[in-house]
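Engineer: Shown below is the structure under consideration.
The values are calculated or read from the model by the stated rules, or taken from the named source; none is laboratory data. The model shown is predicted, which means the values in this text are computed figures rather than measured ones. Every residue, glycine among them, receives a Cβ derived from its backbone with ideal geometry; neighbour counts consider all protein chains shown.
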Amino acid sequence: MATTEPVTVHDDEPHRTDLATRLNWLRAGVLGANDGIVSVAAIVVGVAGATTESGPILTAGMAGLVGGAISMALGEYVSVSSQSDSQRALIEKERRELAEQPDEELAELAGIYRQKGLSPETAHQVALELTEHDALAAHLSAELHIDENDVVSPWHAAFASAVSFIVGAILPLLAILLPPAAWRVPVTFAAVLVALAITGGLGAFIGGGSKTRAGVRVVVGGALALAVTFLIGRLLGASGIV
């Protein structure tokens, strides 16, 4: 007599259905930190090019940190709100169709599995069993590739974006303020470029891309941003405008 073996789930294997969502959140966090590093570093290095006084550098850096974090949070909130509203509308539409047209929805679900290569009999049986277990979840997964429980909160997204930006922005602030005046800009350049290489490589690792290429890309971009802002600050300082 045939026996059914229990399904074994290994703790060290990514069987969680929300793995893609978690990776997207992690990638967004890395990008937010990267933005914080570059944005605030460009500001403080630009000011440092015009003056060696700590007060203006700190003021500009804190303004960039707070303003950037709020901007990131607002942008993420608006973006995720639109996405979550769209997802909820689709979920409600599917729930209404299941209540009003259950037979048509069952046939539609079976058709989806036939298109994936199952025989008509097997596709119908699969659709029937999934419908009996959780009709809404089955249709959301097969038709829309979404999960009712994975609708992202815009408040969570805004908070995570702001925090990641602040974490990244702290590095250039410390790098520009802690060393002696003569070493501020070189130390900040070095610290920022190392940090960008790390975040670029980490972002590529999460996305499965080339860590070297990603690291070089963000380091070159960051170095260009720092060089340009420092040059502008130096020119403004030399001209006597500031």
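Engineer: Return the residues of the range 42-77 that are out of contact with any helix residue (DSSP H, G or I) (no Cβ under 7 Å at 6 or more places or on another chain), without any contact (Cβ under 8 Å) to a residue 40 or more places away in the chain and part of a helix (DSSP H, G or I); say none if nothing qualifies.
Structural biologist: Gly55, Thr59, Ala63, Val66, Gly67, Ser71
Engineer: Kindly indicate the residue of the range 62-109 that is under 30 Å from Pro120 (Cα atoms) and acidic (Asp, Glu) and also surrounded by the fewest Cβ atoms within 10 Å (Cβ to Cβ) among those meeting that condition.
Structural biologist: That would be Asp103.
Engineer: Next question. For the range 155-185, give me each residue that is small (Gly, Ala, Ser) and within 17 Å of Ile37 (Cβ to Cβ).
Structural biologist: Pass one, the range 155-185, residues small (Gly, Ala, Ser): 157-158, 160-162, 164, 168-169, 175, 181-182.
Selection gives Ala160, Ser161, Ala162, Ser164, Gly168, Ala169, Ala175.
Engineer: Could you tell me whether the range 78-92 includes any residue that is touching an Asp or Glu at 6+ places or on another chain (Cβ under 7 Å) and modelled with pLDDT of 85 or more? Break it down into steps so the answer makes sense when it comes.
Structural biologist: Of all residues in the range 78-92, those touching an Asp or Glu at 6+ places or on another chain (Cβ under 7 Å) come to 91.
Filter again for modelled with pLDDT of 85 or more, leaving 91.
Yes.
Engineer: Only one of Ala158, Ala195 is over 24 Å from Thr59 (Cα atoms), among the hydrophobic types (A, V, I, L, M, F, W, C), in contact (Cβ under 8 Å) with a residue 24 or more places away in the chain and part of a helix (DSSP H, G or I). Can you tell me which? Give the steps one after another, and end with the answer.
Structural biologist: Numbers: Ala195 fails: over 24 Å from Thr59 (Cα atoms).
Unique residue meeting the criteria: Ala158.
Engineer: Follow-up question, since we're still on this one. Consider Thr59 against the criteria (1) of a type in the set (Ser, Thr, Tyr); (2) more than 28 Å from His139 (Cα to Cα); (3) surrounded by 15 or more Cβ atoms within 10 Å (Cβ to Cβ): it satisfies all of them except one. Which criterion is unmet?
Structural biologist: (3)
Engineer: Cβ-Cβ below 8 Å, separation at least six or inter-chain, first residue in the range 213-241 and free of Cβ contacts under 8 Å to residues at least 60 places away in the same chain, second assigned to a helix (DSSP H, G or I) and of a type in the set (Phe, Trp, Tyr): which pairs?
Structural biologist: Close Cβ pairs (under 8 Å, with a partner that is assigned to a helix (DSSP H, G or I) and of a type in the set (Phe, Trp, Tyr)) amount to Ala223/Phe189.
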